1. For the stretch 74-89, name all the residues that are under 20 Å from the mean Cα position of the chain (by Cα) and outside any strand (DSSP E or B).
2. Inside the stretch 163-208, can you point out the residues that are part of a helix (DSSP H, G or I) and of a type in the set (S, T, N, Q)?
3. Condition first: surrounded by 14 or more Cβ atoms within 10 Å (Cβ to Cβ) and charged (D, E, K, R). Can you find one or more residues in the stretch 104-112 that meet it?
4. Can you name the residue in the stretch 188-237 that is aromatic (F, W, Y) and at pLDDT 95 or above and, of all such residues, is surrounded by the most Cβ atoms within 10 Å (Cβ to Cβ)?
5. Go through the stretch 113-142 and give me each residue that's out of contact with any strand residue (DSSP E or B) (no Cβ under 6 Å at 6 or more places or on another chain) and within 14 Å of L48 (Cα to Cα).
6. If you take the residues in the stretch 175-187 that are closer than 22 Å to Y163 by Cα and free of Cβ contacts under 8 Å to residues at least 12 places away in the same chain, which one is surrounded by the fewest Cβ atoms within 10 Å (Cβ to Cβ)?
7. In the stretch 1-57, what residues are farther than 14 Å from L170 by Cα, part of a helix (DSSP H, G or I) and among the hydrophobic types (A, V, I, L, M, F, W, C)?
8. For A65, are the conditions met, namely being in a helix (DSSP H, G or I), surrounded by 13 or more Cβ atoms within 10 Å (Cβ to Cβ) and in contact (Cβ under 8 Å) with a residue 40 or more places away in the chain?
Amino acid sequence: MSYYKILGLEKEPFSTSPDPQFFYLSSEHKSALYRVRTAITLKRGLSLILGDIGTGKTTLSRRLAQLLKLESNLSVTMILNPMYESQEQFLADLAERFHIKDEICREGKPAVLDYMKAIEKFLFGKGVEERQTVVLLIDESQKLIDPCLEILRSLLNYETNEYKILQLVLLSQMELLPRVSRIKNLWDRIALKYVINPLEEEEVKEIISFRLKKAGYVSRYPLFSDSAVNAIYNYTQGYPRKITMLCHDALEYLVMHKKEMVTKEVIQDLIQKEVKPVTRITAN
């Protein structure tokens, strides 16, 4: 039997997988979602969402994609791991995702210009003739090489007198910011820059309760004491991924030690074991 079933749960509450069902809408994430969706609705072009590792950008991207796909007037494409080695590779993948690659490759191996012309035709067809809002979401955008950023800059040039035809959302670690700032024509096209900050202490308590409830916990007795939540906040500094991992370990601890509540002492014990240096054993 899985450990969470022993605790009266139906699912794993603290998985690190970016499941939109377990997405806790903190004040930071709520603001980011609202502002990005507004920028897309107004067809403003490029939105840049930044945050340190573990602040919930990937889960946010999944939730955003989920919400956008509910709208019939939006054509949404999402790239999760943009590790391209060249402009040609990037453009070929875009063409495939836009379902126009076969048409481009019909007369042999296409060049960068061939891809750009075909994608331009596609964007104007979708965005102007069919009146669809074309949205491209790219998670982990810090992995994009500079030539690929130049491609995106060029795609953002496509516009009518009233709006940008491509709505581009880049979610990235902070390291992308100085790189984009050096590409002046791309930097000037950013309609929205938003940095996701870690959770406040009260939100740490809320995210733990939220995930437990989503996983089916209905007991009137809390699984985490207030002092445990305080210890979790102090150790994780409000980073959702760290919170999730520590809470997962805490629930396993309850089962292994036959305890009923995660206390401050449980968290301290887990933290001590986590930071304890490994002793190497060498042969004489």
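1. Correct list: L80, N81, P82, M83, Y84.
2. S181, N185
3. Checking the stretch 104-112: not a single residue is surrounded by 14 or more Cβ atoms within 10 Å (Cβ to Cβ) and charged (D, E, K, R).
4. Residue satisfying both the conditions and the ranking: F224.
5. Once the filter is applied, which keeps residues that are out of contact with any strand residue (DSSP E or B) (no Cβ under 6 Å at 6 or more places or on another chain) and within 14 Å of L48 (Cα to Cα), the stretch 113-142 yields only E140.
6. Going through the qualifying residues, I end up with K184.
7. Within the stretch 1-57, I6, F22 meet the criteria.
8. Yes, satisfied.
The values are calculated or read from the model by the stated rules, or taken from the named source; none is laboratory data. Nothing here was measured: the structure is a model prediction, and the numbers come from that model. For neighbour counting, all protein chains shown are included, and Cβ atoms are generated from backbone atoms with ideal geometry for every residue, glycine included.
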